[in-house]
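Structure, as C-alpha cells:
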Amino acid sequence: MDPEVRAKGPGKCPRCGMKLLAGLPDPLEFRLELSTAPRHLRAGQAADLKLVVVHPKTGKPVRDFELIHEKLFHLFVVSEDLTVFAHEHPEPPVIGGPPEFTLNWTFPKPGMYRLMADYYPLNATPQLTVKTLFVSAGERNTPIPPLPSNTHVQLTTEPVQAIAGERTRLYFTLNPVSGLTPWLGAWGHVLVASADTVDLIHTHPFIADGGARMQFNVIFPRPGKHKVWVQFERAGLVNSAGFDLDVKPL
C-alpha cells in the first residue's frame, strides 16, 4: 500500500497499519472485470455490481486476497461533476460460489461515474484500478444524501497555493476531537479527484496521532480544479468532508 515505507525487520506500516513483507513481488497489473444488472443503468434504480479480479498471466479469476485496511475490497464511487462521493466495501466471494465481489448500489443521478477499486491479490502487490460507468436518466433522481458529519473540519495547505508536480501538505483540523478513533486501520483516509476525474489518488496520513490535526502529503500530477474528500471516525460516526482545491501549474 505504501511501497516507500521500509524497515529492517518485521512489523507494521506506521501509515496504514498493514503487515510489512520481506521484499516486493513483481508489480503486475491485474485486470478488473465489471458487470452490472441491469446492464443499462438508470438513476434512482438499484443495480447489482459484480467485480472479478483476473490474473494478468494466467487469465484466471483470483479468489485469494490480503486484507487491506481491514477489508478485502474498497470501492470509491465519484460522479463526473464531483457531487456524488461514496466509499463502499463490496461483499467478497462466497466459498463455493463464483469468484466475484458484489455490491448493490443506487446511482442517484444520471451521468458518468468513475469507480476506483483498491484490492490486494495474494502474493502480489496492492492494486488501484479505475472503471467507468454511464448512468441514464430515470423516472426520478434519488436525492444526494449529505456527507455524514459530527465534526467541523478545516483544510489548510502548505504551500498555501498547491503547485502541480510538487508536494502539497494537506492539514485537516478537527473540532471537536474527543472520540476520534482509527477507521479501517488508519486515523484518516483521503481521496483526491481532478475536475475531469482522470486523476484519482487514495492516500493515508503522513502524520496523525489521534489529535486535532492530520497531515496528508499529495503530489498533484496536473494543474486545475480538484476535489478532496477526507474520511475519519469520531464518536461512532464515519465522517466525510469535501473541499475544492485549485492547483496551479509549476
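Each reported figure results from applying straightforward, stated rules to the coordinates on display, with no laboratory input. None of these values were measured; they are calculated from a predicted model. Cβ coordinates were reconstructed from backbone atoms using ideal geometry, including for glycine residues, and neighbour counts include every protein chain displayed.
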- Using label points projected 7 Å from each Cα along Cα→Cβ, tell me how many nm separate Ala164 and Met112, to one decimal. 1.7 nm
- Message: Please enumerate, by chain and number, the aspartates and glutamates with C-alpha under 17 Å from the C-alpha of Lys131, excluding those fewer than 8 residues away in the same chain.
- Response: Glu29, Glu33, Asp48, Glu80, Asp81, Glu88, Glu100, Asp118, Asp196, Asp199
- May I ask you to derive the relative contact order of the range 31-136, considering only C-alpha pairs under 8 Å and at least 6 residues apart, and to give it as an integer percent? 31 percent
- Query: Pick the calculated semi-axes √(5λ) of the Cα gyration tensor in Å for this structure from (1) 28, 25, 18; (2) 24, 20, 20; (3) 33, 19, 16?
  - Reply: (1)
- Query: Tally Lys/Arg at +1 and Asp/Glu at -1 over every other residue whose Cβ is under 15 Å from the Cβ of Pro98; what's the total?
  - Reply: -2
- Most fluctuating residue given options Gly165, Gly224, Gly96, as computed from a GNM of the chain linking Cα atoms under 10 Å: Gly96
- Message: Based only on other Cβ atoms within 10 Å, what is the fewest-to-most ordering of Arg31, Arg42?
- Response: Arg31, Arg42
- Message: Ranking request for peptides 44-54, 85-95: highest mean number of other beta-carbon atoms within 10 Å first, then the rest in descending order.
- Response: 44-54, 85-95
- Query: Modelled label-to-label distance, Asp48 and Lys225, 7 Å Cα→beta-carbon offset: nm?
  - Reply: 3.8 nm
- Message: Could you tell me the relative contact order of the chain? Use alpha-carbon pairs under 8 Å, at least six residues apart, and round to a whole percent.
- Response: 17 percent
- Item | Neighbour-count order for Trp229, Trp183, fewest beta carbons within 10 angstrom listed first | Trp183, Trp229
- Note on the structure: Checking Glu80, Glu70, Glu139 against a Gaussian network model of the chain (alpha-carbon springs below 10 Å), the top fluctuating residue turns out to be Glu139
- Task: Of the listed pairs Lys57/Lys109; Lys71/Lys248; Lys50/Lys227; Lys57/Lys248, which have alpha-carbon separations greater than 32 Å here?
- Result: Lys57/Lys109; Lys71/Lys248; Lys57/Lys248
